[in-house]
2 protein chains.
Amino acid sequence: MNTLIIQSPLDMHLHLREAEMLKLVAPLSAAQFAGAVIMPNLIDPIDSLDKLLTYRDQIIHAIGSETFTPYMTLFFREYSKNELETAKEHIIGIKLYPAGITTNSESGVSSLDQARTTFEFMQELQIPLLVHGETNGFVLDRESEFLGTYAWLAENFPDLKIIMEHITTRDAVELLDQYENIFATVTLQHLLITLDDIAGGLLSPHLFCKPIAKFPHDREALLQAALIAHPKLMFGSDSAPHPVHKKECAGCAAGVFTAPVALAVLAELFDKHNALDKLQAFVSDNAQKIYNISPIPKNIEIEKSDFIIPDNYGNVVPFMAGKTISWSVKEF
Amino acid sequence: MNTLIIQSPLDMHLHLREAEMLKLVAPLSAAQFAGAVIMPNLIDPIDSLDKLLTYRDQIIHAIGSETFTPYMTLFFREYSKNELETAKEHIIGIKLYPAGITTNSESGVSSLDQARTTFEFMQELQIPLLVHGETNGFVLDRESEFLGTYAWLAENFPDLKIIMEHITTRDAVELLDQYENIFATVTLQHLLITLDDIAGGLLSPHLFCKPIAKFPHDREALLQAALIAHPKLMFGSDSAPHPVHKKECAGCAAGVFTAPVALAVLAELFDKHNALDKLQAFVSDNAQKIYNISPIPKNIEIEKSDFIIPDNYGNVVPFMAGKTISWSVKEF
């Protein structure tokens with residue numbers, strides 16, 4: 001197969017940031033995806049409908065076209081039922097950050113028990129719960145340590161749709177088959193790299209993200225689940241741009257910028273494993289079924305021809321900068 | 001205890017580099033140590049007596065005083081018995097790098113079997129073997145995977161003194177008690193940090209070294225062995241300066257620059273654990289016994305008073321830059 005049409009590809013976990021960065025990166029996602037789930041962890045988190053609608057307008061303005069749907073999320077806090085009823089039509093879900101785990105999550109939740117009422121409202125109103133599932137433990141153990149919390153959520157709120165965001169471990173993949181109401185996103189980089197790529201040779205800040213890439217057996221489990229387009233797994237890039245001076249410095253921020261290269265690199269990866277026929281489900285159909293959404297029709301043509309990944313997009317260095325891959329997205 | 005005299009402290013694993021870097025860092029070590037074991041992995045490795053004597057002269061010239069002994073090492077290759085007999089009086093040991101594992105070790109040894117004759121000569125001539133013990137495996141497994149090679153060396157060359165350099169794992173600590181002819185050095189950073197400090201928050205290039213810092217149980221085992229001044233364990237800083245532009249960049253070189261802060265930070269650490277009485281053995285006496293050396297008399301006075309670690313020494317950022325510690329080396 002030398003060309004491939006992906007119908008309405010979706011990025012189910014995306015950071016678009018604000019201001020100049022938003023203007024830089026939003027059009028890059030809009031050029032290749034029909035829509036994306038937009039993360040709410042801005043410096044001032046999106047934790048009210050007002051903020052959300054303002055941010056949504058900024059995104060649409062930055063894109064400058066109507067062929068891309070920003071599926072908005074609220075930052076988790078205790079919400080009243082009334083707030084959720086009003087917000088429901090504007091959001092795809094609510095994103096929960098355990099306090100202090102990742103970029104701008106200082107105001108996240110530190111005790112899940114106090115959030116119980118909000119979970120009940122969400123369950124009743126059928127609003128999905130998106131979770132950054134890490135504890136405050138040792139960096140390699142954080143996700144595995146959090147899996148018990150996912151189980152607690154799944155058991156206590158059996159009608160709540162729970163999405164484990166950016167899973168990185170074999171244990172998390174296995175959890176997908178244990179609870180009917182648990183789903184997951186996985187990033188591009190976690191299908192490709194392990195801790196070895198970050199720290200095995202020279203240290204690579206541009207491959208550093210949270211959760212950090214883990215062991216070879218973890219990557220293998222994630223990759224196998226993606227290649228069969230496991231029906232409970234969706235592509236979510238977690239593309240997280242930082243200006244280069246925040247990456248190449250004494251304290252490098254977490255985040256890998258993959259949005260503009262994701263589809264081409266995924267095509268190369270799925271082709272290598274003779275799984276191109278599963279790419280449509282992995283980057284769109286699974287998400288449509290899980291979230292019950294119908295994205296705008298948008299055909300993206302991918303072809304087997306060399307793509308030299310740029311060294312930078314503005315002041316941001318992308319994943320695999322400067323490398324040549326064998327598939328490219330056809331530009332219109 | 002508020003002051004402490006360390007008699008002839010020794011750094012049993014030190015990178016002094018060349019040219020301008022040598023001039024910058026050599027005096028810093030000489031100000032606080034009576035001697036150090038000098039690593040031979042220059043860009044052109046020190047693999048002949050001629051190169052070694054030239055490098056030794058450069059070091060002595062850079063120090064500009066006679067109160068510091070550079071204990072020289074040759075870079076391991078197959079040496080003739082005659083070469084080793086001639087070199088013996090000028091060296092403290094020979095450093096073996098498995099090929100391609102660390103900075104400038106591309107010319108290291110890839111098969112130990114072909115080195116057997118050289119090991120036999122070294123054993124006969126009582127020249128210690130210093131080893132960078134890592135395989136080419138997954139970054140967290142490299143040292144553990146190499147331990148079988150240490151065992152093979154210890155069993156096949158029972159009269160060869162084998163030093164496991166910069167050990168980072170509990171498994172390596174345990175090996176010390178299993179073979180009479182196996183010894184080890186441990187760095188400052190591996191007594192203090194784990195992978196969490198490098199990658200658990202922001203990514204910290206200035207804490208990145210090879211072997212990489214590992215799990216909490218590993219650090220704990222190393223620390224406990226140091227605090228009792230385990231007689232087969234020596235302090236070896238592995239202080240490895242890189243200019244800041246090689247650390248804060250897209251591909252950060254491995255190495256932590258600890259030499260000028262090591263004694264003060266060790267004093268603080270041993271004080272915190274009520275083990276100051278073991279510091280003399282850990283930073284000097286153990287090494288004297290293991291290597292059968294008598295360093296020049298040199299008393300270094302350490303006192304309990306604040307020391308603000310500089311942000312930089314020239315173009316090199318030290319370990320714990322900008323932090324205040326509670327012990328300092330008294331300047332003369």
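The values are calculated or read from the model by the stated rules, or taken from the named source; none is laboratory data. Bear in mind that the values here come from a model prediction, so they are computed numbers and not experimental data. So basically every Cβ, Gly included, is an ideal-geometry build from the backbone, and we count neighbours across all protein chains shown.
Considering only residues that are polar (S, T, N, Q) and touching a Leu at 6+ places or on another chain (Cβ under 8 Å), look in the stretch A:177-225 and name the one that is surrounded by the most Cβ atoms within 10 Å (Cβ to Cβ). Walk me through how you get there before you give the answer.
First, the residues of the stretch A:177-225 that are polar (S, T, N, Q): A:178, A:181, A:185, A:187, A:189, A:194, A:204, A:224.
Subsequent filtering for residues that are touching a Leu at 6+ places or on another chain (Cβ under 8 Å) retains A:181, A:185, A:189.
Numbers: A:181: 18, A:185: 24, A:189: 26.
So, considering only residues that are polar (S, T, N, Q) and touching a Leu at 6+ places or on another chain (Cβ under 8 Å), the one surrounded by the most Cβ atoms within 10 Å (Cβ to Cβ) is A:189.
Within the stretch B:152-168, can you find the residues that are surrounded by 15 or more Cβ atoms within 10 Å (Cβ to Cβ) and either out of contact with any Ser or Thr (no Cβ under 6 Å at 6 or more places or on another chain) or without any contact (Cβ under 8 Å) to a residue 12 or more places away in the chain (or both)? Working first, answer last.
Step one: filter the stretch B:152-168 for residues surrounded by 15 or more Cβ atoms within 10 Å (Cβ to Cβ), giving B:153-154, B:157, B:160-168.
The answer is B:153, B:154, B:157, B:160, B:161, B:162, B:163, B:164, B:167, B:168.
Suppose the filter is within 18 Å of residue A:227 (Cα to Cα), under 22 Å from the mean Cα position of the chain (by Cα) and crowded, with 20+ Cβ neighbours inside 10 Å; does residue A:275 pass it? Working first, answer last.
Numbers: within 18 Å of residue A:227 (Cα to Cα): yes; under 22 Å from the mean Cα position of the chain (by Cα): yes; crowded, with 20+ Cβ neighbours inside 10 Å: no.
For residue A:275, the condition - within 18 Å of residue A:227 (Cα to Cα), under 22 Å from the mean Cα position of the chain (by Cα) and crowded, with 20+ Cβ neighbours inside 10 Å - is not met.
Can you tell me which residue among A:284, A:294 is surrounded by 12 or more Cβ atoms within 10 Å (Cβ to Cβ) and among the hydroxyl-bearing types (Ser, Thr, Tyr)? Before the answer, list the steps.
Numbers: A:294 fails: surrounded by 12 or more Cβ atoms within 10 Å (Cβ to Cβ).
From the options A:284, A:294, the qualifying one is A:284.
With the requirement that a residue be modelled with pLDDT under 95 and not acidic (Asp, Glu), what does the stretch A:293-332 give you?
Within the stretch A:293-332, the subset modelled with pLDDT under 95 is A:330-332.
Passing the criteria: A:330, A:332.
Identify, please: which residue in the stretch B:239-264 is more than 14 Å from chain A (Cβ to nearest Cβ) and under 16 Å from the mean Cα position of the chain (by Cα) and is, among those, nearest to residue B:28 (Cα to Cα)?
Residues of the stretch B:239-264 that are more than 14 Å from chain A (Cβ to nearest Cβ), as a first pass: B:239, B:241, B:258-264.
With the extra rule that they be under 16 Å from the mean Cα position of the chain (by Cα), the set shrinks to B:239, B:241, B:258-263.
Details: B:239: 11, B:241: 12, B:258: 10, B:259: 7, B:260: 6, B:261: 9, B:262: 11, B:263: 12 Å.
Among those residues, the one meeting the criterion is B:260.
Just need a number here: residues in the stretch B:178-208 that are over 18 Å from residue A:212 (Cα atoms) and either modelled with pLDDT under 95 or more than 7 Å from chain A (Cβ to nearest Cβ) (or both). Give the derivation first.
We begin by selecting, within the stretch B:178-208, every residue over 18 Å from residue A:212 (Cα atoms); these are B:178-192, B:206.
Subsequent filtering for residues that are either modelled with pLDDT under 95 or more than 7 Å from chain A (Cβ to nearest Cβ) (or both) retains B:178-192.
Adding up the residues that qualify gives 15.
Considering the stretch A:306-332 alone, what residues qualify as being of a type in the set (Ser, Thr, Tyr), surrounded by 12 or more Cβ atoms within 10 Å (Cβ to Cβ) and within 21 Å of residue A:206 (Cα to Cα)? Show your work before the answer.
Taking the stretch A:306-332 and keeping what is of a type in the set (Ser, Thr, Tyr), we get A:313, A:324, A:326, A:328.
Then keep just the ones that are surrounded by 12 or more Cβ atoms within 10 Å (Cβ to Cβ); that gives A:313, A:326, A:328.
Residue satisfying the conditions is A:313 alone.
Checking residue A:140 against (1) touching a Gly at 6+ places or on another chain (Cβ under 7 Å); (2) at the interface with chain B (Cβ under 10 Å from one of its Cβ atoms), which single condition isn't satisfied?
(1)
Going by the structure shown, is residue B:265 crowded, with 18+ Cβ neighbours inside 10 Å, in contact (Cβ under 8 Å) with a residue 24 or more places away in the chain and closer than 23 Å to residue B:183 by Cα? Please lay out each step first, then the result.
Values: crowded, with 18+ Cβ neighbours inside 10 Å: yes; in contact (Cβ under 8 Å) with a residue 24 or more places away in the chain: yes; closer than 23 Å to residue B:183 by Cα: no.
The answer is no for residue B:265.
Output the residues belonging to the stretch B:216-247 that are in contact with a helix residue (DSSP H, G or I) (Cβ under 8 Å, 6 or more places away or on another chain), farther than 17 Å from residue B:185 by Cβ and touching a residue at least 60 places away in the same chain (Cβ under 8 Å).
Once the filter is applied, which keeps residues that are in contact with a helix residue (DSSP H, G or I) (Cβ under 8 Å, 6 or more places away or on another chain), farther than 17 Å from residue B:185 by Cβ and touching a residue at least 60 places away in the same chain (Cβ under 8 Å), the stretch B:216-247 yields B:241, B:243, B:247.
Identify the residue in the stretch B:65-88 that is surrounded by fewer than 16 Cβ atoms within 10 Å (Cβ to Cβ) and over 21 Å from the mean Cα position of the chain (by Cα) and, among all such residues, is farthest from residue B:117 (Cα to Cα).
Once the filter is applied, the top-ranked residue is B:65.
Could you list, in sequence order, all residues of the stretch B:250-262 that are hydrophobic (A, V, I, L, M, F, W, C) and surrounded by 24 or more Cβ atoms within 10 Å (Cβ to Cβ)?
Initial filter on the stretch B:250-262 (hydrophobic (A, V, I, L, M, F, W, C)): B:250, B:252-254, B:256-257, B:259, B:261-262.
The answer is B:256, B:257, B:259, B:261, B:262.
Which one of these is modelled with pLDDT of 95 or more, surrounded by fewer than 23 Cβ atoms within 10 Å (Cβ to Cβ) and either touching a Leu at 6+ places or on another chain (Cβ under 7 Å) or under 26 Å from residue B:123 (Cβ atoms) (or both): B:62, B:19, B:36, B:31? Spell out how you get there, then give the answer.
On the way: B:19 fails: either touching a Leu at 6+ places or on another chain (Cβ under 7 Å) or under 26 Å from residue B:123 (Cβ atoms) (or both); B:36 fails: surrounded by fewer than 23 Cβ atoms within 10 Å (Cβ to Cβ); B:31 fails: either touching a Leu at 6+ places or on another chain (Cβ under 7 Å) or under 26 Å from residue B:123 (Cβ atoms) (or both).
Just a single option satisfies the conditions, and that option is B:62.
Out of (1) among the aliphatic types (A, V, I, L, M); (2) closer than 30 Å to residue A:85 by Cα; (3) surrounded by fewer than 23 Cβ atoms within 10 Å (Cβ to Cβ), what's the single condition that is false for residue A:127?
Only one criterion in (1) among the aliphatic types (A, V, I, L, M); (2) closer than 30 Å to residue A:85 by Cα; (3) surrounded by fewer than 23 Cβ atoms within 10 Å (Cβ to Cβ) is unmet by residue A:127, namely (3).
If you check residue A:203 against the conditions, is it among the aliphatic types (A, V, I, L, M) and without any contact (Cβ under 8 Å) to a residue 24 or more places away in the chain? Give the steps one after another, and end with the answer.
Details: among the aliphatic types (A, V, I, L, M): yes; without any contact (Cβ under 8 Å) to a residue 24 or more places away in the chain: yes.
Yes; evaluated as a whole, the condition is true for this residue.
Could you please let me know if residue A:226 is more than 14 Å from chain B (Cβ to nearest Cβ) and among the hydrophobic types (A, V, I, L, M, F, W, C)? Break it down into steps so the answer makes sense when it comes.
On the way: more than 14 Å from chain B (Cβ to nearest Cβ): yes; among the hydrophobic types (A, V, I, L, M, F, W, C): yes.
In short, yes.
Residues that are in contact with a Lys or Arg (Cβ under 9 Å, 6 or more places away or on another chain) and within 14 Å of chain B (Cβ to nearest Cβ): does the stretch A:315-324 have at least one? Full working, then the answer.
Quick first cut of the stretch A:315-324, residues in contact with a Lys or Arg (Cβ under 9 Å, 6 or more places away or on another chain) only: A:316-317.
Right, trim to within 14 Å of chain B (Cβ to nearest Cβ) and you get A:316-317.
Looking through the stretch A:315-324, at least one residue is in contact with a Lys or Arg (Cβ under 9 Å, 6 or more places away or on another chain) and within 14 Å of chain B (Cβ to nearest Cβ).
Can you confirm whether residue B:268 is more than 18 Å from residue B:186 (Cβ to Cβ) and more than 14 Å from every other protein chain (Cβ to nearest Cβ)?
Numbers: more than 18 Å from residue B:186 (Cβ to Cβ): no; more than 14 Å from every other protein chain (Cβ to nearest Cβ): yes.
No; evaluated as a whole, the condition is false for this residue.
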